[in-house]
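Following: one structure in structure tokens, then a few remarks.
None of the figures in this text is laboratory data; all of them are computed from the coordinates on show. Note that the structure is a prediction, hence the values are computed from the model and not measured. In this analysis, Cβ positions are derived from the backbone assuming ideal geometry, glycine residues included, and neighbour counts consider all displayed protein chains.
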Amino acid sequence: MDLSDTGTTVTVIAAIAMVTGVLGVIIPLLPGLLLCWAAVLFWALLGDAGNGRWVVLALATVLALAGTLIKYLWPGKRLKNTGVPTMSLLAGGTLGVIGFFVVPLVGLVLGFVLGLFLAERVRLGPGAAWPSTRQALGAVGLSLLVELTAALGVAVIWIFGLAFA
């Protein structure tokens, strides 16, 4: 591999960004799906692939947009159906943001769960708070799974683009 070749260098940088993006979905520190899409954009704009790179970019864009849309709509609908109110989600989100800065890497998730549990405990009482919190955790897990699937899909499209574009 000759890194003095511009096309190779662009491909290596895009690969590093792609891996970082996929890891960013799992570890909520980076905007993972956005980073995966940006890696494909970078590769399509600056790489020396053929005209197929635009097809790869278009497919990656459609998949990233669909993944982002589904990531917010599907779990949100499930939460609304279970009866978790928006105020409880806001409490979870607020403590999640605080937790992100207090406990690196896992603080966002821990803060969200704690904030949601405390809000539901105030709203429903000690006995009914955990089932409601568990429903919200399932929605968060679903959101993570949708985003991870979309990020991996973008990565697979890009790999096929490397091979055939």
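Couple of notes before you dig in:
- Signed unit charges on C-beta, dipole axis of region 6-164, positive-most listed residue 159, 88, 113: 88
- Each Lys and Arg contributes +1 and each Asp and Glu -1, all at the Cβ; summed about the Cα centre of region 6-164, the dipole is approximately 520 debye.
- Region 6-164: relative contact order in percent, alpha carbon pairs under 8 Å with at least 6 residues between: 28 percent
- Legend: P(r) of region 6-164 from all alpha carbon pair distances, 10 Å bins from 0, whole percents, reading 12, 33, 27, 17, 9, 2, 0.
- The Kirkwood hydrodynamic radius of region 54-138, based on inverse pair distances between different Cα atoms, is 14.1 Å.
- Å³ per residue enclosed by the Cα convex hull of region 1-47: 53 Å³
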